[in-house]
Amino acid sequence: MAGLIERFIDRMPFTMDDPIVSIEEGSTPLVPAPRLSDRVDADVFLKIEGSNPTGSFKDRGMTCAVTAAAREGAETVVCASTGNTAASAAAYAARAGMTCAVLVPEGKIAAGKLAQALIYGARVISLNGNFDVALQLVRDLADQHPISLVNSVNDFRLEGQKTGAFEIVDAIGPIDLMTIPVGNAGNITAYWKGYKEYNDSGVVDSVPELNGYQAAGAAPLVEGKPVANPETVASAIRIGNPARWEEAMAAITESRGAIRAVTDAEILDAYKWLPANEGVFCEPASAASVAGLLKFGVSDAARETADGRPKVVCILTGNGLKDPDTAFDNVGSVIPCEPEMDQLVKAVLG
Ligand SMILES: *Cc1c(COP(=O)(O)O)cnc(C)c1O
């Protein structure tokens, strides 16, 4: 399958003559979730963004941001990151033959993401400060030097990420409700752009309700003010002052949706329930979209507009393998066994 710029070239700010930088991102599975569907009385699908080349949806945005940087002749890209943007920027920069530097908050990066950024050859800089401080610093850095900033404040990122909405509608037609974790708020903004674009150009004649979920310890959009010291187990959405604040709130309002908080305990419940019941392992931040659906259910409005059972999509933004430490912290231990049959039987049958 071609990468998403090629697949959606008519809806992209690029032409086929541009130096497209792609690792064949997108085309991710949209998997029915029968047990989750039973629990919320709706037809629920999981959009498995962890199947992208570096294991998160960030690749959708990065193919566009790095292609635009290549077209401008940039030699260096930079970003602030809670981990996944760093991994993705590092991979696409490597692919493009560019240098990449990433600024990550000290000690708060999931092990898999850090390993990725390093193995793809990025300069990984650990900042003694949180994500919001890191983003302000790289914005200033990119203003003062010939370096391309590839955070989601870069509009090309949204152009790529809106294709998630196209893929959903292309696969199952218009949907009634979408749930999504919200950190810096670029992705919810991008999905709304995608749904509106399909609606405005007559591909479909409806847009879904958007429900965004923040972690309770990092919920500035829910509280209506920045959070100085955001804290959550869901490190990918540990953000206190989202860059796409106004646009995300506009998307939520226009879609007649909601932005709400789920606690770390609720996130971890969903994080453990999904792999055990649907065979799908996502990272903690991604589980917020399922935790929110389980906590708040499907709105009456979405049920009323639905043609039959409401169609719901939960965006699972990143792969569970990114963060093995959180997995180990939340499961039982492995069972030791000598190479003897009676011991083995006991170990297997419990
Ligand atoms: C980046 C990220 C998010 C948050 O997306 P925003 O665009 O910052 O709102 C959620 N989940 C994962 C796994 C991410 O990497």
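Any read-out appearing in this document is the output of simple, stated calculations on the displayed coordinates, not a laboratory observation. The model shown is predicted, which means the values in this text are computed figures rather than measured ones. Cβ sites come from the backbone with ideal geometry, for glycine too, and all protein chains shown count toward neighbours.
Taking all Cα-Cα distances within the chain, those exceeding 34 Å account for 23%.
In the chain, helices alone account for a calculated mean residue ellipticity at 222 nm of -13000 deg cm²/dmol, with every DSSP H run of four or more residues adding -39,500 (n - 2.57). Of the residues Pro226, Trp245, Ala216, the one whose Cα sits farthest towards the positive end of the charge dipole of the chain is Pro226 (charges of +1 on Lys and Arg Cβ, -1 on Asp and Glu Cβ, taken about the Cα centre). For the chain, the Cβ-based charge dipole about the Cα centre amounts to some 300 debye (Lys, Arg positive; Asp, Glu negative; other atoms uncharged). Full extension of the chain segment joining Asp41 with Ala347 gains 106.4 nm, where the gain is 0.36 nm per residue of separation less the Cα-Cα distance.
Convex hull volume of the C-alpha atoms in the stretch 193-350, normalised per residue: 158 Å³. A simple count of charges around Ala219, restricted to other residues whose Cβ falls under 12 Å of its Cβ and scoring Lys, Arg +1 and Asp, Glu -1, yields 0. Would you mind checking the pairs Lys113/Lys346; Lys108/Lys196; Lys47/Lys113; Lys113/Lys193 and listing those with alpha carbons more than 30 angstrom apart? Table pairs above 30 Å Cα-Cα are Lys113/Lys346; Lys108/Lys196. By the count of neighbouring beta-carbon atoms within 10 Å, fewest first, Thr82, Thr76, Thr15 end up ordered Thr15, Thr76, Thr82. The Rg/Rh ratio for the stretch 145-278, using Cα coordinates for both the radius of gyration and the Kirkwood hydrodynamic radius, is 0.99. Each of the peptides 206-213, 320-327 was scored by the mean count of other Cβ atoms within 10 Å over its residues; in descending order, highest first, they stand as 206-213, 320-327. Cβ crowding within 10 Å ranks Met1, Met12, Met249 as Met1, Met249, Met12, fewest other Cβ atoms first.
For Ala111 and Thr15, what is the calculated FRET efficiency with R₀ set at 45 Å and r taken between the beta-carbons, to the nearest 0.05? Efficiency for this residue pair is about 0.70.
The equivalent ellipsoid that matches the C-alpha gyration tensor of the stretch 58-154 spans semi-axes of 19, 15, 11 angstrom, in descending order. With the Kirkwood sum run over all distinct C-alpha pairs, the stretch 254-324 has a hydrodynamic radius of 13.1 Å.
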